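Step one of this worksheet: look at the structure below.
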Amino acid sequence: MAVTPQQRLAKDFWPYFRQIALTIIVSILVVALGISTVVMYALGLFGTEPVAVILLLATQAVLSGTVAFIIYRVVADPLKEILAAVIQVSGEPTTTTPPNPNDPRFAKTGFKDVLETLYKLASTEPKKQPAADGQIAQDDFIQSALNTTVCGFVLMDKTHQIIFANKAAPVDIDRNGQKRLNLIFNGTDTLESWLAACEQSSVHAEHVWTRIPDKLPEEEGRRFFDVIASYEKGAKSEVVLSLVDRTAYYESGEEELDFIAFAAHELRGPITVIRGYLDVLQSELGDKLQADQVELFRRSAVSANRLSGNINNILNTSRYDRRHLKMHLVETSASAVYDVIRDDMAMRASAQNRLLNVTIPQDLPTIAADPASLSEVFGNLIDNAIKYSNEGGAINVSAIVKGDFVEVTVEDHGIGMPGNVVSNLFKKFYRSHRSRETVAGTGIGLYISKAIVESHGGTISVRSEDGKGSAFIVSIPTYASVADKIKESDNSNVGIIEQGSGWIKNHSMYRG
Amino acid sequence: MAIKTVLMIEDDRFIGEMYARSLKKAGYDIDWMIDGNDGLIAARNKPYDLILLDVMLPERRGSDILESLRGGEDLIPHSKVLVLTNFEQDEESRATMEKRADGYLIKAELTPSKLLTIIEKLSK
């Protein structure tokens with residue numbers, strides 16, 4: 001075990017000990033000699049036998065000096081050797097030779113064992129030597145591992161200078177030889193602003209940014225990272241950045257011709273033909289068909305239409321998740337939006353034996369909506385109402401005006417939901433335990449419906465009672481209430497979302 | 001303006017035949033081009049009342065055709081243009097095409113009878 005040099009070194013102890021010991025020995029000798037002198041003087045021996053007295057005192061001085069010297073050597077020598085050994089293993093600078101345990105004089109007294117024990121205890125020191133080499137090897141190993149991974153790691157010191165960056169980290173060196181992090185953050189939510197906030201008020205903090213590019217769109221070799229930052233005030237590496245290279249995942253969203261759009265194109269081709277010819281055949285065959293054959297046609301058409309709706313949901317979800325979902329808001333009415341899907345919904349309801357009652361007054365104030373997207377929302381809600389209601393059940397679609405909003409309600413009298421289901425309802429891929437067992441679906445319909453409604457600056461909510469049915473309420477702003485903002489932003493939803501503070505909290509999707 | 005002559009630029013044979021059949025039955029004169037280059041040439045050589053324009057086309061994309069026809073000077077001032085596509089373009093391309101066309105429709109949402117209704121509306 002290494003003896004850690006303290007403020008006073010071990011080698012400083014020996015001179016101190018020797019001085020004290022010698023002082024005490026000399027003092028005792030002098031005092032003893034003094035006492036003998038006084039005793040002899042008192043007995044009057046100085047007058048009668050002066051020579052004998054002087055010889056006696058001289059003998060006492062020599063004898064007691066010799067005894068003291070022998071005792072001193074016997075007691076202090078081992079201590080001196082032990083100290084020399086301690087000084088040796090502690091690594092203190094010294095010129096003394098450490099005691100050799102193999103010295104024959106040590107073997108006799110057993111001091112050899114003492115020294116060996118001491119050296120053995122200290123031999124963790126020599127053992128540590130290879131451990132230190134191992135440390136270096138391990139550092140190399142970690143460094144090379146860090147340089148092999150596609151994830152970037154960046155360490156910054158208290159002044160936020162980069163003190164380490166692995167190969168994958170988007171770091172280059174500027175003209176002054178300073179390492180510089182290349183990340184282009186969105187808006188005001190930057191690493192700098194976060195660090196400034198941390199400096200002010202945090203001891204420990206973490207933050208995550210997603211989809212952060214290292215270069216501008218037109219630059220070669222652009223990469224995208226999810227950046228995870230950890231801040232630990234006062235630590236040697238005060239800031240640790242882990243950068244997960246998500247280029248493969250995100251770049252598809254950046255490319256004009258991405259996979260999902262292509263896939264949708266390929267799927268929509270055959271659907272177009274199926275829907276088209278079903279329509280053509282139905283109208284051309286008309287009265288030649290028997291009632292059950294008409295029903296078969298209708299079911300085929302309903303299925304093709306639903307397939308088409310599912311593709312739209314997938315496309316919109318993919319856009320929304322990549323922050324590319326944009327609405328083209330125009331002045332329209334709830335009933336005009338519903339007209340887009342009116343025939344389709346009537347057919348779907350009757351094909352599945354539900355009673356669909358739609359009462360959307362024509363004279364409601366106009367709304368600001370993207371008719372194609374909002375009609376998909378209504379379609380999703382009615383589809384759900386059909387799915388989760390019983391054979392022959394009634395589904396009511398109604399609309400009223402409420403302040404600056406038009407509220408459209410889709411109500412069924414079906415199986416309803418318990419409260420714990422309601423709270424998860426708008427999550428992506430969420431499907432209630434019951435619906436997993438009994439009803440087909442993907443769990444993106446309500447997720448994307450909420451996204452679309454919120455992109456209109458509206459809200460979607462649900463009222464439900466287990467076993468009694470559910471009502472979904474969609475609130476869309478009246479056109480009059482948002483007309484100015486829409487005109488400012490060229491009919492996109494950017495204006496109403498970014499300026500209509502309080503309407504919608506999550507507008508991060510518009511940054512894409 | 002009554003619509004009588006129609007140029008359809010469409011590379012999907014089944015879809016093309018489906019629309020062509022319905023349009024002919026409804027009494028329109030229809031020319032059908034399959035690739036984008038032929039489509040552009042046809043559009044410039046003959047004053048059609050209506051052009052049905054697909055986006056994903058061989059040789060030249062629908063967006064390029066529309067750019068050539070209406071990007072600068074309007075070379076087809078007498079024609080209506082309906083973009084019919086199943087392809088989800090990026091926002092900018094879509095917005096540009098919407099500005100230059102008289103309608104932008106997703107084919108999967110459009111039965112032949114709905115298309116005829118829309119063309120009738122354009123005629124008025």
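The values are calculated or read from the model by the stated rules, or taken from the named source; none is laboratory data. All of these numbers come straight from a predicted model, not from anything done at the bench. A quick note on method: Cβ atoms are made from the backbone with ideal geometry, for glycine too, and the neighbour counts reach across all protein chains shown. Accessible surface is based on the protein model in full, side chains and every heavy atom, while ligands, DNA and RNA are left aside. Shrake-Rupley method; radii C 1.70, N 1.55, O 1.52, S 1.80 Å.
Figure the gain on full extension for A:Asp157 and A:Ser237 (residue separation times 0.36 nm, minus the Cα-Cα span) and round it to one decimal in nm.
28.3 nm
For the Cα atoms of chain A, what angle does the longest principal axis make with the long axis of helix A:371-387, in degrees from 0 to 90, nearest 10?
That works out to roughly 90 degrees.
Measure off, as a whole percent, the carbon and sulfur share of the 1.4 Å-probe accessible area of chain A, all protein chains present.
With neighbouring chains kept in place, the figure for chain A is 58 percent.
Could you state the principal axis extents of the C-alpha atoms in region B:5-123, from the largest down, to the nearest angstrom?
So the three principal-axis extents are 35, 29, 27 Å.
Based on DSSP loop calls and a cut-off of at most 16 other Cβ atoms within 10 Å, the longest stretch of chain B free of exposed GluC sites (Glu not before Pro) is what?
The answer is B:1-58.
Give me the 1.4 Å probe accessible area per residue for chain B, excluding ligands and nucleic acids, in Å².
Heavy-atom SASA per residue in chain B reads 45 Å².
How many percent of DSSP beta bridges within the protein assembly as shown run antiparallel, rounded to 5?
Around 70 percent antiparallel, to the nearest 5.
Counting DSSP beta bridges in chain B, what percent are antiparallel, to the nearest 5?
Around 0 percent of the beta bridges assigned by DSSP in chain B are antiparallel ones.
Pairs of Cα atoms under 8 Å, at least six residues apart: use those to get the relative contact order of region A:149-254, whole percent.
Worked out over region A:149-254, it gives 30 percent.
For every helix of n ≥ 4 consecutive DSSP H residues, a contribution of -39,500 (n - 2.57) applies; sum these over chain A, divide by its total residues, and give [θ] at 222 nm rounded to the nearest 500 deg cm²/dmol.
The helix contribution divided over chain A gives -17500 deg cm²/dmol.
Per residue, what accessible area does region A:10-125 have, given a 1.4 Å probe and all protein chains present, in Å²?
Dividing the accessible area of region A:10-125 by its residue count gives 67 Å².
Quantify how much of the Cα-Cα distance distribution of region A:278-354 extends past 19 Å, in percent.
For region A:278-354, the fraction of Cα-Cα distances above 19 Å is 54 percent.
Quick check on the protein assembly as shown: what does the Kirkwood estimate of hydrodynamic radius come out to from the alpha carbon pairs, in Å?
Averaging 1/r across every pair of different Cα atoms and inverting gives 33.0 Å.
Alpha carbons only, please: Rg and Dmax for region A:10-125, in angstrom.
Taking only Cα atoms of region A:10-125, I get Rg and Dmax of 21.0, 70 Å.
Counting only protein chains, not ligands or nucleic acids, how are A:Val330, A:Val154, A:Val75 ordered by accessible area (probe 1.4 Å), most first?
These residues rank, largest area first, as A:Val75, A:Val330, A:Val154.
Heavy-atom accessible area of A:Lys468 with all protein chains present, probe 1.4 Å, nearest 10 Å²?
Here the accessible area works out near 130 Å².
Carbon-plus-sulfur fraction of the accessible area of chain B, 1.4 Å probe, in percent?
Result for chain B: 49 percent of the exposed heavy-atom area is carbon or sulfur.
Interface size between chain B and chain A, please: total buried accessible area, 1.4 Å probe, rounded to the nearest 100 Å².
Counting both chains, the buried surface is close to 2300 Å².
Between A:Gly110, A:Ile382, B:Ile9, whose Cα lies farthest towards the positive end of the dipole of the protein assembly as shown when Lys and Arg beta carbons carry +1 and Asp and Glu beta carbons carry -1, centred on the Cα centre?
So the residue furthest toward the plus end is A:Gly110.
Going through the cross-link list A:Lys487/B:Lys107; A:Lys485/B:Lys99; A:Lys326/B:Lys4, which pairs have a Cα-Cα distance over 24 Å in this structure?
A:Lys487/B:Lys107; A:Lys326/B:Lys4
Leaving out ligands and nucleic acids, and using a 1.4 Å probe, what accessible area per residue does region A:256-322 come to in Å²?
Accessible area per residue, region A:256-322: 51 Å².
Got a number for the accessible area of A:Arg319? Probe 1.4 Å, square angstrom, nearest 10.
40 Å²
Given region A:340-470, what whole percent of its Cα pairs are spread farther than 17 Å?
Result: 59 percent of Cα pairs exceed 17 Å.
At 7 Å along the Cα-to-beta-carbon direction for both A:Ile35 and B:Ser68, put a label point, then send me their distance in nm to one decimal.
12.9 nm
Under Stokes-Einstein, with the Kirkwood radius over Cα pairs standing in for Rh, what whole-number D in µm²/s applies to region A:256-322 at 37 °C and 0.692 mPa s?
245 µm²/s
Excluding same-chain residues fewer than 8 positions from A:Lys11, which lysines have a Cα within less than 16 Å of its Cα?
Counting by Cα, and skipping residues close in sequence, A:Lys11 has these lysines nearby: A:Lys80.
Once the convex hull of the alpha carbons of region A:149-254 is built, what does its volume come to per residue, in cubic angstrom?
109 Å³
Pairing the Cα long axis of helix A:334-351 with the longest principal axis of chain A, what angle in degrees results, from 0 to 90 and rounded to the nearest 10?
Here the helix axis deviates by roughly 80 degrees.
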